Structure formats: C-alpha cells, structure tokens
Amino acid sequence: MSDLSIALHWHRATPALQTGGYSNEHTVQYNSHYDMLVDSAPDWGGDPNNTNPEQALASALSSCHMMTFLALAAKAGWPVASYHDFAEAHLGKNPKGQMSVTRIDLHPVVRFDTGFAVSEEEMEQMQDRAHRYCFIANTLADSVEINIL
C-alpha cells in the first residue's frame with residue numbers, strides 16, 4: 001500500500017517556551033514544494049487567516065468523499081458536470097470528556113450534464129456508497145454526516 005507524507009516545520013520565535021507565550025503557527029509542506037501556514041483554531045488563539053488542523057481534517061474528508069463519489073459515478077455512467085461541497089468540522093467534547101472533532105458535516109451539491117438526472121433515492125444511495133468506500137471516512141468511523149443539497 002501507499003505511504004503518504006508531509007513535512008511539518010515549527011520554530012520558536014520567543015526567547016522561551018512558556019504556556020501562553022508562544023505561537024503554534026507552523027508550515028506543513030506537501031510534496032516537497034507546496035507550503036501551507038497552519039495554526040490553532042481561532043477559538044484556541046490561532047490566526048484566523050491560517051488553516052487549522054480541524055479544517056484540514058474536514059478538507060481531507062471532503063476531498064476523499066468527492067473522489068470516491070466521482071469514481072463510483074463514472075463507473076455507473078453518471079455524467080457529473082460539477083461537484084461542490086461545504087464541509088464543517090464541529091469541535092466539542094467526546095464521550096471521554098476530551099476536546100475533539102466530534103462531527104464533520106458534508107454538504108455535497110452534484111450537477112449533471114444537461115438532460116441527465118437521478119432520483120433523490122439514487123443520489124442518497126450513491127453518496128452513502130461513497131461514504132462507505134472513502135478511506136478517510138473509514139478512518140473517522142461514525143463522526144460524519146452527509147447532508148445532500
């Protein structure tokens with residue numbers, strides 16, 4: 001199987017590492033050439049202009065779900081013209097009382113070539129199949145909700 005990696009770089013910008021006295025801003029590098037600034041979520045003191053791990057998790061799930069959906073749609077002969085999603089990661093306490101991403105909601109909107117349509121039931125079944133086969137969804141287990149628009 002594949003081994004996929006990123007490189008993470010953080011450097012202290014203060015004289016000492018003290019509680020509340022340092023920045024969590026860091027760089028995540030993809031494929032040795034694309035750098036993304038990452039920080040804590042804004043509620044935890046992070047820069048809202050940077051992405052955060054919770055957003056990155058929602059992005060990974062949304063991308064994986066879309067790619068799985070497109071593969072299944074292509075196999076079924078569905079002429080998908082566009083696919084859009086709005087993914088939301090919800091922070092809260094898990095059953096152990098620990099802070100976590102408690103749920104990720106996906107809101108996919110699929111458009112087809114002119115003259116092609118599927119029923120609401122067929123769309124729900126295909127979205128469900130995409131969820132079941134998505135690698136990231138299988139990693140996250142029960143914390144994903146798909147809201148078809």
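The values are calculated or read from the model by the stated rules, or taken from the named source; none is laboratory data. Quantities reported herein were computed from a predicted structural model and do not represent experimental measurements. Here the Cβ is made from the backbone with ideal geometry for all residues, glycine too, and neighbour counts use every protein chain on show. For the accessible areas, the whole protein counts, side chains as well, though only heavy atoms, and no ligand, DNA or RNA atoms are used. Shrake-Rupley method; radii C 1.70, N 1.55, O 1.52, S 1.80 Å.
A few comments on the model shown:
- Selected residue (criterion: farthest from the chain's Cα centre (by Cα)) from residues of the stretch 118-129 that are under 12 Å from Ala76 (Cβ atoms) and open to solvent by less than 50 Å² (accessible area, probe 1.4 Å): Val118
- Residue match in the stretch 32-50 (condition: open to solvent by 70 Å² or more (accessible area, probe 1.4 Å), more than 23 Å from Leu91 (Cβ to Cβ), among the hydroxyl-bearing types (Ser, Thr, Tyr) and within 16 Å of the chain's Cα centre (by Cα)): no
- Cβ-Cβ under 6 Å pairs, at least 6 apart or on other chains, the stretch 18-36 side under 14 Å from Gly46 (Cβ atoms), far side open to solvent by less than 60 Å² (accessible area, probe 1.4 Å) and in a loop (DSSP other than H, G, I, E, B): Tyr22/Thr14; Asn24/Asp39; Asn24/Ser40; Glu25/Asp39
- Residue count for the stretch 24-65 under the criterion of being more than 27 Å from Cys134 (Cβ to Cβ), assigned to a helix (DSSP H, G or I) and charged (D, E, K, R): the result is 1.
- Test: residue in the stretch 32-42 that is in contact with a Gly (Cβ under 6 Å, 6 or more places away or on another chain) and of a type in the set (Gly, Ala, Ser): yes
- Of the numbered criteria (1) under 25 Å from Ile6 (Cα atoms); (2) open to solvent by 60 Å² or more (accessible area, probe 1.4 Å), the one Gly115 fails is (1).
- In the stretch 13-31, the qualifying residues are those that are at pLDDT below 90 and β-branched (Val, Ile, Thr), and the one that is least open to solvent (accessible area, probe 1.4 Å) is Thr14.
- Verdict on Gly115 being at positive phi and part of a loop (DSSP other than H, G, I, E, B): yes
- Residue match in the stretch 78-85 (condition: without any contact (Cβ under 8 Å) to a residue 24 or more places away in the chain, closer than 18 Å to Cys134 by Cβ and not in a helix (DSSP H, G or I)): no
- Of Thr102, Thr68, all but one fail to be open to solvent by 50 Å² or more (accessible area, probe 1.4 Å), touching a residue at least 12 places away in the same chain (Cβ under 8 Å) and either outside any loop (DSSP other than H, G, I, E, B) or in contact with a helix residue (DSSP H, G or I) (Cβ under 7 Å, 6 or more places away or on another chain) (or both); the exception is Thr102.
- Selection count where residues are closer than 19 Å to Gly45 by Cβ and open to solvent by less than 100 Å² (accessible area, probe 1.4 Å), scope the stretch 1-12: 1
- Once the stretch 51-65 is narrowed to residues that are of a type outside the set (D, E, K, R) and either buried (at least 19 other Cβ atoms within 10 Å of the Cβ) or closer than 13 Å to Ile146 by Cα (or both), the residue that is farthest from the chain's Cα centre (by Cα) is Asn52.
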